[in-house]
Amino acid sequence: MQPHLLRIFFILVTILGLGARPAAATHLLGGEMGYQYLDDKGPVGQPFRYRITVFVYFNADVTSNFPNGRDVIPIGLYSKSPNGTRIGVYSFPRVSNALIKPATSGDCAAGSTNSPVPVRLCKYELIVNLPVSAAGYYAFYTESARNNDIRNLSNPGGTGLTLYTDISPPLIPNSTPTFSDTAVAVICQGDTSIIINNAYDADGDRLVYSFGTPYGGNLGNTPPSFFNPPPTSVVYASTYNVAQPFGPGRGSYAFLDPQTGLSRYAAPFLGKYVVAVDVKEYRVINGQEVLVGTTRRDIQLIAQTCQPNQAPQFTASTTAIKEFTIEEGQSLSFDLAARDPELKTLSLRVNSVLLDGPGGFDATFANDVGTVSNGSGSALISGTGNVSGTFRFNSRCGNARATPYDVVVTAADQACGSKSVAQIIRITVKRASPPTAITGDALVCDQSKPSTYTVTGTNASSYLWRVRGGAIQGPATGSSVSVLWNTAGTGTLSARGITAFGCTTDSVARTVEVRPVSTLSVSADVAICVGTSATLTASGGQNYTWTGGGQTFTGASITVTPNTTTIYTVTSTDGLCSNSRQVTVTVRPQTAADVITGSRSVCPTVQGVTYSVVNPQNTDYQWTVQGGNIVSGQGTTSITVAWGATNANASVQVVGRNAFGCLTAPFVLPVRINELLATPKPNGPLRVCQTDGPFTYQTQLTNGSSYAWQVIGGTQVATNQASIQVNWTRPGIGKLVVTETSNPNGSDIRCLGQSDTLYVTVLPSPAANLAITGPDRVCANSGPVSFTLPGLATSTYQFTLQNAAQQNVAFTAAGNTASVATFATPGVYTLTARETSASACAGPVYTKTFTVDPLPVVTITGPANVCPEGLNGLRYSVPGATGAAFQWTVTDGTIVSGQGTSAITVNFLASNITKTVTVVPTSSFGCTGALASFSVKPDNAAITLNVATVDPQNDHQVLLSVPNLGDNGSRTRVLRRDAGSTGAFAVVPTILTGTRFADASADADAKAYTYRVELTNACGTVIASQEHTIIHTEAVATEGKGGRSEGEVSIQWSDYKGFAVKQYQVFRHIDNAKDELVATIPAGQPLQYKLSTGSQGFNQCFRVTAVSDDASALLTYSNDACVTFENKIALYNIITPNGDGKNDVFFIDNVQLYAGNQLAIFNRWGKEVYSTTNYRNTWGGEGLGAGMYYYLFKLPSGTSYKGWFEIVKDN
């Protein structure tokens, strides 16, 4: 036994005619039964709908009682409770009966023991309606008979086959697993073979595989009246049992993988064997894993003799990983490959529910989405020796399940006694880990405040939140959300994670108790003045507690006297929730005391003295006067007072009231009533610059008083009652004293007072009689230019410079000097300067205006060309430069008159060099401008036509080279006439490029032309070039006459006239290939040439080039003269391979011109003896005897030539 060789036939069921015993009335090969719960929408009394499917395998050959299977089979449906009572017998129609008849491999001889027998796979299906049953149902089918030559059964011909399925109740909706492949297979005697019993469960139940004892049955197919499982088992033949279905001893082996259903068998003897495979479904229900049902497959295996054959092998990478785990939404791909050691044709098949064609899964194998059969899909690729493909699975959201998806891979060679290897790759698709909890408020007392909730236990890309009884505030995709609950009762909040692949996790939820909206209310906010009280009241709650300002109060009503604005919070509790409300007591701060301005010293009985509030901020004022009476203004910002008799304690007081009704602190101004007045010392600037005056000084003005001023060091400019204006006349210390007198109402009371002396520091100012020094006019672009204000060295200076548009101009300043590097723009400029002394006294602003004159710019006018006959008396001038002086210079000539003026007269020398006239202008302001230059070119004394040639790229264009054309192209014309003509030349239109003219009206293929170029110079003289005649070439072709005769070309051309010709070169280009030189003809020889050239190509063109005898040779080209050769194919019918150079090879005329040809040689019996492509007259019948042969010569165009030829050899 060789365990590493896995032999299996998939999908097809083959039965071998073993020949040991004749088969009589054998037809039944196995089967399986399953169901699918649909819904509860059946009729009354039988509401539950199930789809039940039965597969039965029949022999399809002539020995079978039912080669097409039964048309209808009876299925009994039973209720588990009570006692397996039959609900009814249902006729299940056959919905398909596929014929499985594989072709015989070419390695197997017809009629051999390995010839397959066809099998009929019959599918029966019906949707049934069942009554209520809490325990579930059974479906039962029995059939007779099995094949009568089954080796491991006792009396197989008298043993039937029974299938049944245990149907779970409607409360547990279920679908049985479906197998990924068909049931019956062939195994090789004495070798280990693999059978795949892998199944897929649509419900995701965990599947466990095990062997079971096959069920027998009566020799009939009528279901019993009652059924309680299990059915009657088969009776094994002696030494056979469920653990040893192939018998005991060496070479007998049966294994079934409980997780994948992959089974391995080895049978020591030829024959048929019956095996049963059970698939149990386990599901977690209420936290416990329970058995939901069992699906059985009844399998007939056939052990046969297999021819020697090496099994295929998977590559190491294919077998390296057998299990994958991915997250739903994630993609997975892996390569599958196998090789056949004998390099036979190899198929690689993948079976998986994932390969569901256009279904709900996105999977491919080798870019094939799969073909679905019986719930599972498959894809197949083939190759010789090696085969490989990639399995790709793009999982989708919802593909996750607890059990893995199986991918069954089989590699089988195409040979008699085919061998296979197989393995199962398992793909587990998991959902991402869900959140484990939601943290946040479980009790919400205040519906007006949002609560924050956060998921824990996961780190998803985003989250999907749902809320009942509230609304999410703001973003709803993060790990935290803010919820505003709005419905009293129990609210619910749930969250799901959303993965990076866009799939959702399971959800986590949190319930929240939301209390009813509180009816607690509080009195409105209130504002008070400092020192007053406010009463606050709460209602709609119970057990009130107040806090605020560092104090705690109880009761529904409290009185508070805060010193600052305070927020008071009242809290009411019902045992579960505490609700709070707030009220703000705003304390209006006491406004600062207002300041009173007015006389502090007054004469007794004086009246009409005014007192006012400085910068009043309040709405009204209350005044109080001691020692006098308020005459007017009470309640306003200003009052007048009538004072009484002498009083040392008189005063004026004011208290303001703001807009909130709060009073300010009182302000008291003491007042002295006395005949000796205390006149205040004057106030005003104490430190001044002497020339900045006048300066204002004043003292307190009292009604009824008069003021006399004494000024020392200055002069009084103006006086206004208690105010004076002073101009200080010298630096140093100035003094001011004011004397006040009062005689109220002309009474006998006379009051007198004198102020203290006010001392003023008078600082010296800069001089006011200076002027800015510097130029009044400046030439543009000259510099640097400096300007100076001649003040003190210890002073600082500020300059500004602006142009006429009042735009600032850049300059540099150093001390009392400002400098400008250069003035680029002419115009009027204004410079200002101001001196500030060391004591910070500023002098007057000085201004200087100056002009920047432009530089003269001139342009010379005059003749730009001179011709030999007009060199003298030429006039050149510079217009528009009035008042300027000019300095002229001339090269290759002499100034005859006008130097220093705006126009000169010049005589030029006779030469071919370019002359120059220059002038430098100087304006009337002395500004010298830039040099102006003017070039004078000598006009042509002669014109040269260097070369006339046909354009090598275009026979309808002639090119003429005129190297000394200069810039006289517009005064030049090209003339042409036919070569050899004595008629007049005609002007032809041309295109000038540089020094080359192009005549596009020529037809050089038809004739030769003679050209001449004429130039009219500046003096009107016409100058003509020498004449040039181009070459005209003609060519005539003569076809070959056959018999290896080659076609000829005769070429002749006309002489080139215009330069001395050294030689003529003849060029050829074939079929648009590059030019090649074929002949060189010295000058003086006949202007013609003949050459054999037909076999070189079909289309041949010739061009003649004339070469001059100059050291740097000039070239001129003729037109292209073209000919065409037919170059027909001609095949010769004799080979005499004797080395004499005649008929030594099979010769085909012009064969080298027919690329891609094919030649085949056959002998007289039709056997090919020689073949080649691109034949080139190289085969001489090597290795063949004398005699007649046949040829087949084909061209790529499809043309073919057939005929015979003879090989003649010397005896």
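The values are calculated or read from the model by the stated rules, or taken from the named source; none is laboratory data. Because the structure is predicted, anything quoted here is derived from the model rather than measured. We place every Cβ from the backbone using ideal geometry, glycine too, and count neighbours over all the protein chains shown.
Looking for whichever is outside the structural domain of T922 (by TED's automatic domain parsing), part of a loop (DSSP other than H, G, I, E, B), of a type outside the set (G, A, S) and in contact (Cβ under 8 Å) with a residue 12 or more places away in the chain here; the options are F787, F823, F799. Which one fits?
Values: F787 fails: part of a loop (DSSP other than H, G, I, E, B); F799 fails: part of a loop (DSSP other than H, G, I, E, B).
The unique qualifying residue is F823.
For the range 669-724, filtered to residues that are in contact with a Leu (Cβ under 6 Å, 6 or more places away or on another chain) and under 22 Å from A642 (Cβ atoms), the residue that is modelled with the highest pLDDT is A722.
Scanning the range 349-368 for residues that are among the aliphatic types (A, V, I, L, M) and not in a strand (DSSP E or B) yields a count of 4.
Among the residues making up the range 401-423, those that are closer than 16 Å to F179 by Cα, polar (S, T, N, Q) and either touching a helix residue (DSSP H, G or I) at 6+ places or on another chain (Cβ under 9 Å) or not in a strand (DSSP E or B) (or both) are T403, Q423. If the condition is being in contact with a Cys (Cβ under 9 Å, 6 or more places away or on another chain) and part of a strand (DSSP E or B), then the range 1090-1135 contributes N1099, Q1100, C1101, F1102, A1121, C1122, V1123. Here the range 508-518 is the region considered, the condition is being surrounded by fewer than 16 Cβ atoms within 10 Å (Cβ to Cβ) and modelled with pLDDT of 85 or more, and the residue that is farthest from L484 (Cα to Cα) is A509. In this structure, D335 does not qualify as surrounded by 13 or more Cβ atoms within 10 Å (Cβ to Cβ) and either at pLDDT 90 or above or assigned by TED's automatic domain parsing to the domain that holds R146 (or both).
Yes/no per residue for (1) more than 30 Å from R777 (Cβ to Cβ); (2) in the same structural domain as R971 (by TED's automatic domain parsing); (3) free of Cβ contacts under 8 Å to residues at least 60 places away in the same chain; (4) in contact with a Gly (Cβ under 7 Å, 6 or more places away or on another chain):
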| site | (1), (2), (3), (4) |
| --- | --- |
| G870 | yes, no, no, no |
| T891 | yes, no, yes, no |
| V896 | yes, no, yes, no |
| I904 | no, no, yes, yes |
| T922 | no, no, no, no |
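For the range 654-669, which residues satisfy the criterion of being surrounded by 17 or more Cβ atoms within 10 Å (Cβ to Cβ) and in a loop (DSSP other than H, G, I, E, B)? Residues satisfying the conditions are N658, C662, T664.
For the range 183-196, filtering for residues that are polar (S, T, N, Q) and buried (at least 22 other Cβ atoms within 10 Å of the Cβ) leaves 1. Restricting attention to the range 1142-1159, the residues that are outside any loop (DSSP other than H, G, I, E, B) and more than 60 Å from the chain's Cα centre (by Cα) add up to 2. Being closer than 30 Å to C306 by Cβ, more than 60 Å from the chain's Cα centre (by Cα) and surrounded by fewer than 20 Cβ atoms within 10 Å (Cβ to Cβ) is true of N148.
Meeting the requirement of 1 or more residues that are under 60 Å from the mean Cα position of the chain (by Cα), modelled with pLDDT under 90 and not assigned by TED's automatic domain parsing to the domain that holds G870, the strands (runs of 3 or more DSSP E) wholly within the range 973-1084 are 991-993, 996-999, 1061-1070.
Would you confirm whether any residue within the range 1126-1141 is of a type in the set (F, W, Y) and surrounded by 18 or more Cβ atoms within 10 Å (Cβ to Cβ)? The answer is no; no qualifying residue exists. Scanning the range 554-567 for residues that are surrounded by 13 or more Cβ atoms within 10 Å (Cβ to Cβ), in a strand (DSSP E or B) and of a type in the set (S, T, N, Q) yields S557, T566. Assessment of the range 1178-1186 against the conditions (part of a loop (DSSP other than H, G, I, E, B) and aliphatic (A, V, I, L, M)) yields at least one matching residue. Taking (1) polar (S, T, N, Q); (2) in a strand (DSSP E or B); (3) surrounded by 15 or more Cβ atoms within 10 Å (Cβ to Cβ) in turn, S599 satisfies each apart from (2).
The set of residues in the range 200-232 being within 23 Å of P245 (Cβ to Cβ), part of a strand (DSSP E or B) and touching a Gly at 6+ places or on another chain (Cβ under 6 Å) consists of Y209 alone.
Here T547 does not fit the description of being of a type in the set (V, I, T), over 59 Å from the mean Cα position of the chain (by Cα), farther than 30 Å from A400 by Cβ and not in a strand (DSSP E or B). Summed over the range 359-382, the residues that are at pLDDT 85 or above and buried (at least 18 other Cβ atoms within 10 Å of the Cβ) give a count of 10. For the structure I just gave you, tell me whether V570 is farther than 30 Å from Y621 by Cα and either outside any strand (DSSP E or B) or aliphatic (A, V, I, L, M) (or both). For V570, the condition - farther than 30 Å from Y621 by Cα and either outside any strand (DSSP E or B) or aliphatic (A, V, I, L, M) (or both) - is met. Of (1) in a loop (DSSP other than H, G, I, E, B); (2) of a type outside the set (K, R); (3) without any contact (Cβ under 8 Å) to a residue 60 or more places away in the chain, P856 satisfies all except one. Which? Answer for P856: the failing condition is (3).
Take the conditions in a strand (DSSP E or B) and either among the basic types (K, R) or farther than 30 Å from T699 by Cα (or both) and apply them to N649. Does it pass?
Numbers: in a strand (DSSP E or B): yes; either among the basic types (K, R) or farther than 30 Å from T699 by Cα (or both): no.
Taking the combined requirement at face value, the residue does not satisfy it.
I'd like the residue in the range 311-332 that is part of a loop (DSSP other than H, G, I, E, B) and over 40 Å from the mean Cα position of the chain (by Cα) and, out of all such residues, is modelled with the highest pLDDT. Working first, answer last.
Applying the first criterion (part of a loop (DSSP other than H, G, I, E, B)) to the range 311-332 yields 311-312, 315, 321-322, 328-330.
Then drop every residue that is not over 40 Å from the mean Cα position of the chain (by Cα), which leaves 311-312.
On the way: A311: 82, P312: 90.
Within the range 311-332, the match that is modelled with the highest pLDDT is P312.
Residues checked against (1) of a type in the set (G, A, S); (2) within 60 Å of the chain's Cα centre (by Cα); (3) surrounded by fewer than 17 Cβ atoms within 10 Å (Cβ to Cβ):
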| position | (1), (2), (3) |
| --- | --- |
| I860 | no, no, no |
| G880 | yes, no, yes |
| W888 | no, no, no |
| Q899 | no, no, yes |
| V906 | no, no, no |
| S911 | yes, no, yes |
| K915 | no, no, no |
| T918 | no, no, yes |
| S923 | yes, no, no |
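Can you work out which of the residues in the range 1154-1198 that are aliphatic (A, V, I, L, M) and buried (at least 18 other Cβ atoms within 10 Å of the Cβ) is farthest from E1039 (Cα to Cα)?
Keep residues of the range 1154-1198 that are aliphatic (A, V, I, L, M), which gives 1155, 1159-1161, 1169, 1184, 1186, 1188, 1192, 1195.
Now restrict to residues that are buried (at least 18 other Cβ atoms within 10 Å of the Cβ): 1159, 1161.
Values: L1159: 26, I1161: 29 Å.
Ranking the candidates gives I1161 first.
Taken as a whole, the structure leaves P766 outside the set of residues that are touching a residue at least 24 places away in the same chain (Cβ under 8 Å), touching a Ser or Thr at 6+ places or on another chain (Cβ under 8 Å) and loosely packed, with under 14 Cβ neighbours inside 10 Å.
Every residue in the range 1187-1211 that is closer than 15 Å to V1145 by Cβ and outside any strand (DSSP E or B), please. Walk me through how you get there before you give the answer.
Of all residues in the range 1187-1211, those closer than 15 Å to V1145 by Cβ come to 1189, 1191, 1193, 1205-1209.
V1208, K1209, listed by residue number.
Restricting attention to the range 301-332, the residues being of a type in the set (V, I, T) and surrounded by fewer than 16 Cβ atoms within 10 Å (Cβ to Cβ) number 5.
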